[in-house]
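Read the structure below first, then the notes.
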Amino acid sequence: MKGSLIRIEELKDIVIAADLMTDRVVSLPAYANLEEALHLFESFHISCIPVTEPENRKSVLGILKKYDLLQAYQEKVLKNRILSTS
C-alpha cells in the first residue's frame, strides 16, 4: 500500500482534472422525469448527470447519480408491489 501512495503522490503534479475531464457535458433540467434521465445514462454511458435550472442550463443545482435513480426506481416498484397485494 505504501508503494501505491508514493506513486499517487508523484502523479499530483503530472495529472490534473482538466487532463481527465470530458468537455462534452450532458445535463438534465430539474423538471425532467426519471425516464429521460435513464435514457441519458444509457445513451452516453455515464454514471452522473448535472441537474440544471430550466431557464439557465449553465446553473447547476446538483448531481443525479445513476445508482440513486435505480435505487429510487427499485423502492417505488417494491412499494407498488406491497400496496397491490394488501
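The values are calculated or read from the model by the stated rules, or taken from the named source; none is laboratory data. Predicted model, so just to flag it, every value in this text is computed and none were measured. Here the Cβ positions follow ideal geometry from the backbone for every residue, glycine too, while neighbour counts run over all protein chains shown.
Details
- Of the helices (runs of 4 or more DSSP H) lying entirely inside the range 1-65, those containing at least 1 residues that are modelled with pLDDT of 95 or more and more than 21 Å from GLU75 (Cα to Cα) span 34-44.
- Members of the range 71-86 that are among the hydrophobic types (A, V, I, L, M, F, W, C) and without any contact (Cβ under 8 Å) to a residue 24 or more places away in the chain: VAL77, LEU78, ILE82, LEU83
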